[in-house]
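Take a look at the structure below.
Computed from the coordinates by the stated procedures, all read-outs in this text should not be read as laboratory data. Being a predicted model, the structure only gives us computed values, none of them experimental. All Cβ positions, even for glycine, are placed from backbone atoms using ideal geometry, and neighbour counts span all protein chains on display.
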Amino acid sequence: MKIVSSVEGKMQLSRQMSKSGISVVYTDKNIPKNSTTISFLSEKEEVKINPSISQQATMYSAIIPKGVTNIVIERDRTGLGDTISILSAIQQMRIDYPSVHITYRAWKPYLELLKNHPDIDVLEDCLTVERKEIEDKSSEVFIDLSSPCPAGVYESSTQSQTNKSRNEIFTNACGLRWRNERPILHLTEDEQKFGLDYVFSKTDQTKSTIGLVLRSAEPWKDWPYVEEFSEQYLDKYNILTIDKTMMMDIDGVINLALEGFSLREMISTLPYMDCVLSPDTGIMHICDALDVPCLSLFGSMIGSFYKTKYDNSLSVIQGKCIHDKPPCFYEVCEGKANYQPCMSSIKPEFVESQIRSIINSGSIIPPNRLINQNVDFISI
């Protein structure tokens, strides 16, 4: 069975899946007689409609039928942040269907992030796996979160009116009710020891330690003052740059990229940092999944929204729009690509003052973290 949770490409999917003998569940009125009908749910009632993009943004995806023993979730293009958001859906699925066998398929580099997670039975590389036919097709549900991205569809249609996190959107797209399930990454004891030993061997224990994320996956979300901040506050803090390939050529800065760490090794260092400073990117979401204090900088995206979803670990600074408007969701400002004056409005001195507040309100007891964070959403 195929749950089609997107608007575009349904007819193409239907032709592809019917050739392989797998039934397809449609969201419009043309439901084949031989297919198992799975309806959509609105907030209030069950409906079967052919939704527009904006209509789909307010709907839950297909409900998983009774008797299912295997659920396969596939995301063939993703990033670190969306991997964490989808993890929230998987955890809710395990709660709702405790005996179901759950397989997650994605690009291999991102599967490493979810290694050893107790709610996932199998991780598969979506580029190399061969789909095996099953005798009883009613026992398996295949959920496609790939193209178009359910979260992208919702955010594009709502923009500044967005009121759902990607955790919630992906959970709904998997046919599940959102119950505020927070994604959790699990580090093994060896990984915790690795991160602890590395950070404590590289840093001055008389100073607090800051993890500095150098860039976002999208250049227009980058903070332009990372080097200036490092040079200005290196005497006050241990600064470790969190990036697998990019480095800063500043004496005294500890570049994790020089170590050749795997993704798991790199994130194992995060719980032993007093605060992570990041733009809107994947490490911000990973910090939440590891319960690490993070100060995240936002420009044209809505930072306060993430604050309400990641209340236990995330503090947010929202840059000021030069046109005195709310966050616009645009990648281009004044006709210039990757130009975000709202990010430039966030100055290093103010950022440091908020980092100091976060550190003063929390404490570390490795490998667990006790946090009493009082910094809230701040709009410049």
Calculate the spin-label point distance for residue 336 paired with residue 139, positioning each point 7 Å from the Cα along the beta-carbon direction, and give it in nanometres.
-> 6.1 nm
Residue-ordered couplings for the stretch 196-213, obtained by feeding phi - 60° into the Karplus form 6.51 cos²θ - 1.76 cosθ + 1.60 and rounding to whole Hz (Gly and Pro as x), are 4, 4, 5, 4, 6, 7, 9, 10, 7, 6, 8, 10, 6, 10, 10, x, 10, 7
Residue-by-residue Karplus 3J(HN,Hα) for the stretch 252-263, coefficients 6.51, -1.76, 1.60, Hz, glycine and proline x = x, 6, 9, 9, 5, 4, 5, 7, x, 5, 6, 4
So who's got an amide H within less than 5 Å of the one on residue 101, skipping anything under 5 residues away but keeping other chains? H placed 1.01 Å off N, in plane.
-> 70, 71
Can you sort 229, 261 by how many other beta carbons sit within 10 Å, fewest first?
-> 261, 229
In whole angstrom, how far apart do the alpha carbon centroids of the stretch 199-269 and the stretch 79-122 sit?
-> 28 Å
Spin-label pair residue 163/residue 76, simplified geometry with 7 Å Cα→Cβ offset, distance in nm = 3.5 nm
Could I have the simple spin-label model distance between residue 205 and residue 228, label points 7 Å from Cα toward Cβ, reported in nm to one decimal?
-> 3.6 nm
Quote to one decimal, in nm, the extra length available between residue 262 and residue 115 on full extension: 0.36 nm per residue of separation minus the C-alpha distance between them.
-> 51.7 nm
Can you sort 117, 101 so the residue with the fewest Cβ neighbours within 10 Å comes first?
-> 101, 117
Sorting 164, 325, 320, 66 on the 10 Å Cβ count, fewest up front, what's the list?
-> 66, 325, 320, 164
Phi-based couplings in Hz for the stretch 227-243 (Karplus 6.51, -1.76, 1.60; Gly and Pro marked x) = 5, 4, 4, 4, 5, 6, 10, 5, 6, 8, 10, 6, 10, 10, 7, 9, 6
The alpha-carbon pair-distance distribution computed for the stretch 199-252, with 5 angstrom bins and whole-percent values, is 4, 18, 29, 25, 14, 7, 2, 0
